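Comments concern the structure below.
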Amino acid sequence: MKKDIHAKNYRPVVFQDLNDKTTILTRSTVEAEETITLDGVEYPLVKVHISSSSHPYFTGEERIVDIEGRVDKFKARTQAAQKAKAEKIAKTTKAPKAKKAVKPEAQKLGTEALAAEATEQSK
């Protein structure tokens, strides 16, 4: 195994879940600007959006964790798509065309029609 490939600056660090404000004290090499005091000792603080204390897989409950408005953006896109689809359907469904009126001469049948044709041709 290679020597000196692992970090040597492990120290106690507090990870804080922003959803339920739980804190987890563990060892890490992560750099942090903020600090927190737990049990009278000051530790570096790293804030996380989701941890095992708030993730649905570990908690067994379903809830929407919306950090950056993703759910609102999705709902807005869905509504816009439904509106566009409804407008497209309304545009493509046209009123049925009215049937053209048929000339009365074209409806004559039988001997009367033949007689009428003969009279028109003789004129």
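Worth pointing out:
- Filtered residues of segment 1-17 (kept if surrounded by 11 or more Cβ atoms within 10 Å (Cβ to Cβ) and either part of a loop (DSSP other than H, G, I, E, B) or among the β-branched types (Val, Ile, Thr) (or both)): TYR10, VAL13, VAL14
- For segment 1-19, the tally of residues that are under 18 Å from THR37 (Cα atoms) and of a type outside the set (Lys, Arg) stands at 7.
Every number in this text was worked out from the coordinates using simple rules, so none of it is lab data. As the structure is a computational prediction, the values presented were derived from the model and not from experiment. In this analysis, Cβ positions are derived from the backbone assuming ideal geometry, glycine residues included, and neighbour counts consider all displayed protein chains.
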